[in-house]
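Here's the structure we're looking at; comments come further down.
The values are calculated or read from the model by the stated rules, or taken from the named source; none is laboratory data. As the structure is a computational prediction, the values presented were derived from the model and not from experiment. Ideal geometry is used to build each Cβ from the backbone, glycine not excepted, and the neighbour counts take in all protein chains shown. Heads up: the accessible areas ignore ligands, DNA and RNA and are worked out on the full protein's heavy atoms, side chains in. Shrake-Rupley method; radii C 1.70, N 1.55, O 1.52, S 1.80 Å.
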Amino acid sequence: SISFNYQRRPDYTRAMFQTAFGYNWTQGDHITHIINPVSMNYVQMIDASDEFLEEIKDTYLEYSFEDRLILGMNYSFIYTNQDIQKTRDFVFFRTNLESAGLLLKGVAKAIGTERDSLGRHVMFGNAFAQYVKGDVEYRYFDIMNDQTSLVYRIFLGVAFPYMNSITIPYEKQYFTGGANGIRAWQVRNLGPGSYNVLDEPIAPKWPNQTADVKIEANIEYRFDLFWLLEGALFLDGGNIWSLNKDDDRPGSVFEWNRFYKEFALGAGFGLRMDFSFFVFRFDLGMKVRDPSQPEGMRWVFMDSGYNRPQFNIAIGYPF
């Protein structure tokens, strides 16, 4: 596979090239393997405004918006026992593993490449990325009858930069919110942890709400209405966190003694139009618990002055 992405914004212009070589195969009726022994991404910052560079200086984003070479491999394992008619309960399980930079690190040490001011090996003009990333997702579909079902989902993911990387490349970081996340928040507008962007002396103009750890869980009750129309009631929960102890965003770092206090909760309802070959979806979410608020004030469902509905439009089911 090969792809090219060109982004031109008022604040920066960059190009992203990606290519991969791999194999997909099935094992029996329920298991799929996907392995890409060679996966390469190259990100080039073609131009950036002085204002943008000054805004992200000394922040988590500074090392995310650099020229970056990502050379690694990834593997996915998928299991599902779903039948075509969806007449009985079934599960879906997927795990992804990804590693980058190990081969380049070995080559860099062997040939003695130059290092930058931060001590990172430089190849082809930039400090290549080095990290490991893994996540698991589990879904259970409780088929009550032909018209109703209850779907449960849990997602756990972690990405860890090491040696030649200070942060995970921006394209590889976790985020939540939006039509396929916690739907009471806009995409990339939740977390990390208890971080509140409004507490900043000057609110940043660029999205900075991405991180290294993600925990997310969802419950959705789906039911037929009439004709092509379906309804849904849902509850979403979770958050993202940073593993970098030097992260400049207050409350963003994952801590075992408090991460469970920083779960966000959102609830809502949705309408879907099922055209068989695709589903057109509308979801309306409301915040129930907002971890960015001070402790003792995080249950915000009844706060009409603060809690405004979040409307999402998407193609396909959220999970």
For residue 115 and residue 257 in the same chain, what is the full-extension length gain: residue separation times 0.36 nm, less their Cα-Cα distance, in nm? 47.3 nm
To the nearest 10 square angstrom, what accessible area does residue 297 show with a 1.4 Å probe? 120 Å²
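Based on the alpha carbons, how large is the Rg to Rh ratio for the chain when Rh follows Kirkwood? Intermediate results must be reported in sequence, preceding the final value.
Details: Rg = 21.4 Å, Rh = 21.7 Å.
Checking Rg against Rh, the ratio lands at 0.99.
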Roughly how many Å² of residue 117 are accessible to a 1.4 Å probe, to the nearest 10? 120 Å²
Which residue fluctuates most in the GNM of the chain (Cα springs below 10 Å): 164, 81, 244? 81
In Å and whole numbers, how far do the C-alpha atoms of the range 123-226 stretch along each principal axis, longest first? 58, 34, 23
Positive end of the dipole of the chain, charges at C-beta (+1 Lys, Arg; -1 Asp, Glu), about the Cα centre: which of 238, 32, 275 has its Cα farthest in that direction? 32
Taking the alpha-carbon centre of each part, the distance from the range 129-197 to the range 1-58 in Å is 18 Å
Against the longest alpha carbon principal axis of the chain, how many degrees, from 0 to 90 and to the nearest 10, is the axis of helix 102-111 turned? 0 degrees
Identify, among 64, 91, 227, the residue whose Cα sits farthest towards the positive end of the charge dipole of the chain, taking +1 on the Cβ of Lys and Arg and -1 on the Cβ of Asp and Glu, with the dipole about the Cα centre. 91
Could you sort out which of 105/245; 86/133; 214/287 sit more than 22 Å apart by Cα distance in this structure? 105/245; 86/133
For the chain, with the dipole built from +1 on Lys and Arg beta-carbon atoms and -1 on Asp and Glu ones, taken about the Cα centre, which of 300, 288, 16 lies farthest toward the positive end? 16
If you filter the range 58-138 for chymotrypsin sites (Phe, Trp or Tyr not before Pro), then keep DSSP loop positions with at most 11 other Cβ within 10 Å, what is left? 124
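What is the dipole size for the chain, taken about its Cα centre, with +1 at each Lys and Arg Cβ and -1 at each Asp and Glu Cβ, in debye to the nearest 20?
Values: 31 positive and 39 negative charges, 90 e Å.
Using Cβ point charges on Lys, Arg, Asp and Glu, the chain gives about 440 debye.
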